[in-house]
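Right, one structure below, let's go through it.
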Amino acid sequence: MLKGERVSYNVFAMGRMETIWAPDCSEFKPDRWLKDGVFVDPESSFKFPTFQAGPRICLGKELAEIQMKLIASHLIYHFQFTMQEKNPPMTYRSIVFRVRGGLPIRVHPRTH
Ligand code: HEM
């Protein structure tokens, strides 16, 4: 590394690297974040830099995370979502991560 050289990182790639996470990191295993059924402390921001890390870390990180959890838990509690398409969705990159052609789903109210 020489003085003046530029350093960058790719959050998308880092989130999918087996060397950072685990060999099964691309599998959907929500339980991996739980210990005795309880969510354990989040990973280091340097490992998961979606909100940046260090002095430049997002000041709204906790608020954004609470909002995401509130909305997701509310929707999942009240509705069941079924994907129409059998194949995995094709994505493309923009400032946010988007699904090519949209993601048609059926939404059914849950009966509790
Ligand atoms: C999913 C939602 C969010 C993501 C992914 C996100 C991501 C980020 C990132 C990557 C940065 C660093 C930008 C840089 O290095 O220049 C940042 C900074 C910042 N974010 Fe967020 N953010 C989110 C939501 C929010 C919310 C809800 C708030 C406020 C309520 C917020 C307030 C801020 C502020 C004030 C900074 C500047 C921090 C500083 O430079 O001291 N963010 N955010």
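Some notes on this structure:
- Scanning region 5-46 for residues that are open to solvent by 60 Å² or more (accessible area, probe 1.4 Å), within 18 Å of Glu62 (Cα to Cα) and either in contact with a Gly (Cβ under 7 Å, 6 or more places away or on another chain) or within 16 Å of the ligand (Cβ to nearest atom) (or both) yields Pro42, Glu43, Phe46.
- Flag for Phe12 being at pLDDT below 95, under 25 Å from Pro88 (Cα atoms), hydrophobic (A, V, I, L, M, F, W, C) and not assigned by TED's automatic domain parsing to the domain that holds Ser94: yes
- Residues located in region 47-94, provided they are among the aliphatic types (A, V, I, L, M) and either in the same structural domain as Ala13 (by TED's automatic domain parsing) or not in a helix (DSSP H, G or I) (or both): Ala53, Ile57, Leu59, Met83, Met90
- Residues (basic (Lys, Arg), loosely packed, with under 12 Cβ neighbours inside 10 Å and touching a residue at least 24 places away in the same chain (Cβ under 8 Å)) located in region 47-96: Arg93
The values are calculated or read from the model by the stated rules, or taken from the named source; none is laboratory data. Small disclaimer: the values here were computed from a predicted structure and weren't measured. Because the Cβ atoms are built from the backbone with ideal geometry, glycine has one as well, and the counts that use them run over all protein chains shown. Surface accessibility is based on the protein's heavy atoms, side chains included, excluding ligands, DNA and RNA. Shrake-Rupley method; radii C 1.70, N 1.55, O 1.52, S 1.80 Å.
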